[in-house]
Amino acid sequence: MPPVVINLVAAQSETGKTTVVEKLLPELKKRGLRVAALKGHLEHFDLDLPGKDSWRFARAGAEISGVTTPDSFILIGSGKSTSGTVAAAELLNEFDLIIVEGNKKSKNPKIEIVRSAVNSEPLLPDNTVAVVTDRDDLALKIPVIKLGNAPALADFIVEHFFDQQIKPVSKTGELTHFDLTGRPRMVDVSGKEITMREAYARGEITMNPETLIRIKSGQMAKGDVLGVAQVAAIMAVKETGRLIPMAHPLAIAGVEVDFNLVEKEEIKVEIGVRVKLNGQTGVEMEALTGVSMAALTIYDMCKAVDKDMVIQNIRLVEKKGGRSGHYHRKQI
């Protein structure tokens, strides 16, 4: 799905368009949108002037030229048979929203800035969807948003352009693996603090009594069931980033696997996996994956004598570290 493109316009300069965009961007980011901001409808800019390196690169045949610093970049390209904004939008296809400051003649949806000290009356160019103003008496058929109220403007943009595509949210918070357009994403953890993270998960596999006796006595044809299951759990923990689509590949610090053989009432093997990491994201999925793979390995090694085994009750028992703090399941 291509990004939504909105032009932020005004009757003339000095209305504060740049300030509005500057305050709006962090609010849109809080709401999960990936946003690009462009200065629109300029004849030339300093980097593109004749004689500048970027101009020389373009003249030499580069489809895109530009400059970079250690932590940022500026790219310059031409639209050929289309406008610069359209060409830029094609390159920025992975973004949700592109805000273009300026260009009243654009065919894109527009939000107009009306500042009483500069232009007291709105122009309302074609396809204007809202007006942002410091006037309290401006009555229009389209939404009027108070100048300086960036959260309200961000809410309007989300509701007007994205609301029909937003994924449902849980009662406890947002589904962070979806952006506001419903596209899946790997959550950006680069801004999180590096802390010690720990997670402990448990699960179980029920079986016939004879099966448990064979496991204890080492009489399974495939060998040491619990020894192989332990190795499988450790391998699965290390491979979680490859198995779970939105899980991050992690440098695991430690894995502990424990088994408890229950011979009363429900005959079963209880499995526990504890994972530790010093990093920017938790290891709950790693612990749960480890438990799952250990249980599957036990089933694989014993299925020749017991196909009625049931893997069940895989759950997170405890997690430590990170912004959400310490979690411990009440009913273990």
Next on the checklist: As an exercise: evaluate residue 112 against (1) in contact with a Lys or Arg (Cβ under 7 Å, 6 or more places away or on another chain); (2) touching a residue at least 60 places away in the same chain (Cβ under 8 Å) and give the number of the one condition it does not meet.
Outcome noted: (1)
Checklist outcome for this item: Given the conditions (1) in contact with a Pro (Cβ under 9 Å, 6 or more places away or on another chain); (2) under 23 Å from residue 312 (Cβ atoms), every one holds for residue 275 apart from (1)
Item to check | Only one of 192, 216, 238 that is under 21 Å from residue 318 (Cα atoms), out of contact with any helix residue (DSSP H, G or I) (no Cβ under 6 Å at 6 or more places or on another chain), at pLDDT 85 or above and among the basic types (Lys, Arg) | outcome: 238
Checklist entry - Inside segment 1-21, can you point out the residues that are without any contact (Cβ under 8 Å) to a residue 40 or more places away in the chain and either touching a helix residue (DSSP H, G or I) at 6+ places or on another chain (Cβ under 9 Å) or not in a loop (DSSP other than H, G, I, E, B) (or both)? => result 19
Next on the checklist: Which of the numbered conditions does residue 126 fail, given that it passes all the others? Conditions: (1) of a type in the set (Asp, Glu); (2) more than 22 Å from residue 2 (Cα to Cα); (3) in contact with a strand residue (DSSP E or B) (Cβ under 9 Å, 6 or more places away or on another chain).
Outcome noted: (2)
Checklist entry - Being touching a helix residue (DSSP H, G or I) at 6+ places or on another chain (Cβ under 8 Å), of a type in the set (Phe, Trp, Tyr) and within 21 Å of residue 204 (Cβ to Cβ), is that true of even one residue in segment 316-330? => result no
Checklist outcome for this item: Looking across segment 8-20 at residues that are of a type in the set (Val, Ile, Thr) and surrounded by 21 or more Cβ atoms within 10 Å (Cβ to Cβ), the single one that is farthest from residue 114 (Cα to Cα) is 20
Checklist entry - Just a yes or no: is a residue in segment 247-261 surrounded by fewer than 18 Cβ atoms within 10 Å (Cβ to Cβ) and of a type in the set (S, T, N, Q)? => result yes
Checklist entry - Give me the pairs: first residue in segment 189-211 and loosely packed, with under 14 Cβ neighbours inside 10 Å, second residue hydrophobic (A, V, I, L, M, F, W, C), beta-carbon distance under 9 Å, and six or more apart or on different chains, which are they? => result 196/253; 196/277; 209/267; 210/305
Checklist entry - Assuming residue 50 fulfils every condition listed in (1) surrounded by fewer than 16 Cβ atoms within 10 Å (Cβ to Cβ); (2) at pLDDT below 80; (3) not hydroxyl-bearing (Ser, Thr, Tyr) apart from one, which condition is it? => result (2)
Checklist entry - Looking at segment 238-332, what strands (runs of 3 or more DSSP E) fall wholly within it and have at least 2 residues that are free of Cβ contacts under 8 Å to residues at least 12 places away in the same chain and in contact with a Phe, Trp or Tyr (Cβ under 8 Å, 6 or more places away or on another chain)? => result none
Item to check | segment 212-225, subset of a type in the set (Val, Ile, Thr) and in contact (Cβ under 8 Å) with a residue 40 or more places away in the chain, residue nearest to residue 264 (Cα to Cα) | outcome: 215
Next on the checklist: If a residue must be part of a helix (DSSP H, G or I) and among the hydroxyl-bearing types (Ser, Thr, Tyr), how many such residues does segment 199-237 contain?
Outcome noted: 2
Next on the checklist: Return the pair list, or none, for Cβ contacts closer than 8 Å from residues in segment 57-69 that are in the same structural domain as residue 84 (by TED's automatic domain parsing) and over 15 Å from residue 87 (Cα atoms) to residues that are polar (S, T, N, Q) and in a loop (DSSP other than H, G, I, E, B), at least 6 apart or on different chains.
Outcome noted: 58/78
Next on the checklist: Out of everything in segment 212-236 that is charged (D, E, K, R) and more than 45 Å from the chain's Cα centre (by Cα), what residue ends up being surrounded by the fewest Cβ atoms within 10 Å (Cβ to Cβ)?
Outcome noted: 216
Checklist entry - Of all the residues that make up segment 257-304, how many are over 23 Å from the mean Cα position of the chain (by Cα), of a type in the set (S, T, N, Q) and within 30 Å of residue 192 (Cα to Cα)? => result 1
Checklist entry - List, please: which pairs have Cβ atoms under 7 Å, are six or more places apart or on different chains, and start with a residue in segment 130-149 that is in the same structural domain as residue 17 (by TED's automatic domain parsing) and free of Cβ contacts under 8 Å to residues at least 24 places away in the same chain and end with one that is surrounded by fewer than 14 Cβ atoms within 10 Å (Cβ to Cβ) and basic (Lys, Arg)? => result none
Item to check | Test: residue in segment 167-180 that is assigned to a helix (DSSP H, G or I) and either modelled with pLDDT under 90 or surrounded by fewer than 16 Cβ atoms within 10 Å (Cβ to Cβ) (or both) | outcome: no
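The values are calculated or read from the model by the stated rules, or taken from the named source; none is laboratory data. All of these numbers come straight from a predicted model, not from anything done at the bench. Neighbour counts are summed over all protein chains in view; Cβ atoms, including those assigned to glycine, are modelled from backbone coordinates with ideal geometry.
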